[in-house]
1. So in the stretch 69-105, with the set limited to residues that are of a type in the set (A, V, I, L, M, F, W, C), over 13 Å from Val42 (Cβ atoms) and assigned to a loop (DSSP other than H, G, I, E, B), which one is least open to solvent (accessible area, probe 1.4 Å)?
2. Of everything in the stretch 26-52 that's in contact with a helix residue (DSSP H, G or I) (Cβ under 8 Å, 6 or more places away or on another chain) and charged (D, E, K, R), which residue is least open to solvent (accessible area, probe 1.4 Å)?
3. Would you check which residues across the stretch 53-68 are in a helix (DSSP H, G or I) and either within 17 Å of Leu24 (Cα to Cα) or open to solvent by 30 Å² or more (accessible area, probe 1.4 Å) (or both) and list them?
4. Which numbered condition in (1) out of contact with any Gly (no Cβ under 9 Å at 6 or more places or on another chain); (2) in a loop (DSSP other than H, G, I, E, B); (3) at pLDDT 85 or above is the only one that Arg50 fails?
Amino acid sequence: WLGAREGRTEAALAQKDLAHTRSLMAVSLLQQQSAIERLRGVNYSARLERADEAVVGALLATLRGDSSVDVRLAAADALRKFGSQRAVREAVAEALPYQESPMLQ
């Protein structure tokens with residue numbers, strides 16, 4: 001019984017570490033120079049089961065100020081997954097009026 005309990009604890013820690021690594025990877029990709037890499041970061045973050053504040057913050061920053069309309073559009077789409085969070089809804093609503101692209105509006 002104790003061995004099984006320790007195994008579950010180790011598995012839970014490994015899952016937590018993996019989720020943290022995935023979050024770091026998404027944020028890192030969102031900060032790249034290449035628009036293609038930033039799109040990969042947006043897509044990667046959209047596939048996360050749960051996004052921590054760093055990932056959501058990076059997506060919001062991407063929506064607000066990325067130089068590529070395609071990347072901003074993908075960020076808006078990825079943020080839809082986290083729309084149950086009030087802070088995310090408010091930040092997206094705040095960022096949209098500043099978007100010049102009709103696709104984003």
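The values are calculated or read from the model by the stated rules, or taken from the named source; none is laboratory data. Quick caveat: nothing in here was measured; it's all calculated off a predicted structure. Cβ sites come from the backbone with ideal geometry, for glycine too, and all protein chains shown count toward neighbours. The protein model used for the area step is the full one, side chains on, heavy atoms only, and it has no ligands, DNA or RNA in it. Shrake-Rupley method; radii C 1.70, N 1.55, O 1.52, S 1.80 Å.
1. Leu104
2. Filtering first and then ranking leaves Arg38.
3. Glu53, Ala54, Val55, Val56, Gly57, Ala58, Leu59, Leu60, Ala61, Thr62, Arg64, Gly65, listed by residue number.
4. Checking Arg50 against (1) out of contact with any Gly (no Cβ under 9 Å at 6 or more places or on another chain); (2) in a loop (DSSP other than H, G, I, E, B); (3) at pLDDT 85 or above, the one that fails is (3).
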